[in-house]
Amino acid sequence: MKRRPSINRRLSVGLSVSAIIGTSLLLTAVFAEYRLGISDLTGADAFRFAWAEVADHVGMPVLLLIVPAILSVNIVIQRSYRLLEDTARVIANTPATRGLQIDDHAMPVEVLPFVGAINDLLKRLDCAAKENETFAADVAHQIRTPLAIMALTLDNEGVADATVLRAEVASMSRLVDQLLLLTQVNAQAAVPAPLQPYRLNDLVIETTSRFAPLAVAASRNVAFEEPGEASGTDVIVACHKEAVASALRNLLDNALRVTPAGGTVIVGCGPGKRIFVRDEGPGLAPARLDSIITRKGRTDNAQGKGAGLGLAIVTRIMAAHGGHLETNPKDRELALVFPD
């Protein structure tokens, strides 16, 4: 089993090496001062004389320097450790609350970078916890709405409207699918798997063709725009195919809900490593997109019920691929942009 690094052990080794080097230098100085050589130490008297000089001029100075140095260094190190131990006890006895930070006022300068890194980590954990709480609140809000509509429909006298119930069940089913997808994205972020190369054009055609029946059932059209010569049809991206396909389906679903009956949703690639979806909705400004995906605004927004959660998931998927989600309100377009 490999030994853990030890500051005390490293200091002891360092001081021992210093003692050996110092002793060697002092011996060299003594021999140089008395002009001694190997031939001068052959006699018994000369040998005793040499060792007496070594003891007086080398042994005693080394002992007088090294022994106090070892003792003082150990005392200083132990006192420094005591500060860390006290801080560890404070942290262990502190309840898990927001805004927890390690007090670094009494910390040695040498450990400040380490303490600062821990405090930065605690801040990031606070932000993540806040995002999760907001996310849970948004999910609860989205679930509450279809449940309320279903309850009102069932409470009405007579036969319940099956169309309304079917639509709300579909809404809840879509929400559950999005939550499962988000769980998969988070799991992938925690344990990354290698990306595989895919032709962007083929991925878009395959996903769009599977989505087309849903568009027809909703009285909308889906059209695929062939890439121009500048874009080409052989653009390769390294990605997780199913995750990117899910992100594209989210954009298609969002476009389908904001496009009026009889309208057309256009899907295409390019320029470069980019997938775009154009709808016939009002368009989405960049500031509004940022508000939706960071869940600062309610998710039952102008882009349609459930769009906020879907777009937030798309953003997470693209971030995992080093890309991003962008909007072009002038062309009423949302795009998945991959890194070059």
Pairs where the first residue, in region 236-248, is over 17 Å from Val222 (Cβ atoms) and the second is assigned to a loop (DSSP other than H, G, I, E, B), C-beta under 6 Å, 6+ apart: Val237/Lys273; Val237/Phe338; Ala238/Leu195; Cys239/Leu195; Cys239/His321
Checklist (1) at pLDDT 75 or above; (2) in a helix (DSSP H, G or I); (3) of a type outside the set (Phe, Trp, Tyr) applied to Thr97, failing item: (2)
Filtered residue count, region 177-208, keeping only those that are modelled with pLDDT of 80 or more and touching a helix residue (DSSP H, G or I) at 6+ places or on another chain (Cβ under 8 Å): 7
Exclusive hit being charged (D, E, K, R), over 30 Å from Arg124 (Cα atoms) and at pLDDT 75 or above, set Arg79, Arg35: Arg79
Lone qualifier among Arg249, Arg257 - being part of a helix (DSSP H, G or I), more than 15 Å from His324 (Cα to Cα) and either touching a helix residue (DSSP H, G or I) at 6+ places or on another chain (Cβ under 7 Å) or acidic (Asp, Glu) (or both): Arg249
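Can you name the residue in region 209-234 that is hydrophobic (A, V, I, L, M, F, W, C) and at pLDDT 85 or above and, of all such residues, is surrounded by the fewest Cβ atoms within 10 Å (Cβ to Cβ)? Break it down stepwise before answering.
From region 209-234, those hydrophobic (A, V, I, L, M, F, W, C) are 211-212, 214-218, 222-224, 230; that's our starting set.
Checking which are at pLDDT 85 or above leaves us with 222-224.
Numbers: Val222: 21, Ala223: 13, Phe224: 15.
It comes out as Ala223.
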Hits in region 260-286 - residues which are more than 24 Å from Pro194 (Cβ to Cβ), in a loop (DSSP other than H, G, I, E, B) and under 32 Å from the mean Cα position of the chain (by Cα): Gly270, Pro271, Gly283, Leu284, Ala285
Qualifying position, being assigned by TED's automatic domain parsing to the domain that holds Leu11, small (Gly, Ala, Ser) and within 28 Å of the chain's Cα centre (by Cα), among Ala55, Ala88, Ala117: Ala88
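Rundown of residues vs (1) out of contact with any His (no Cβ under 9 Å at 6 or more places or on another chain); (2) more than 24 Å from Ala167 (Cβ to Cβ); (3) at pLDDT below 90, yes/no style:
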{"site": "Leu256", "(1), (2), (3)": "yes, no, yes"}
{"site": "Gly262", "(1), (2), (3)": "yes, no, yes"}
{"site": "Val267", "(1), (2), (3)": "yes, yes, no"}
{"site": "Phe276", "(1), (2), (3)": "yes, yes, no"}
{"site": "Gly281", "(1), (2), (3)": "yes, no, yes"}
{"site": "Ile293", "(1), (2), (3)": "yes, yes, yes"}
{"site": "Gly322", "(1), (2), (3)": "yes, yes, yes"}
{"site": "Leu325", "(1), (2), (3)": "yes, yes, no"}
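The values are calculated or read from the model by the stated rules, or taken from the named source; none is laboratory data. Small disclaimer: the values here were computed from a predicted structure and weren't measured. FYI the Cβ positions are ideal-geometry reconstructions off the backbone, even for glycines, and counts take in every protein chain you see.
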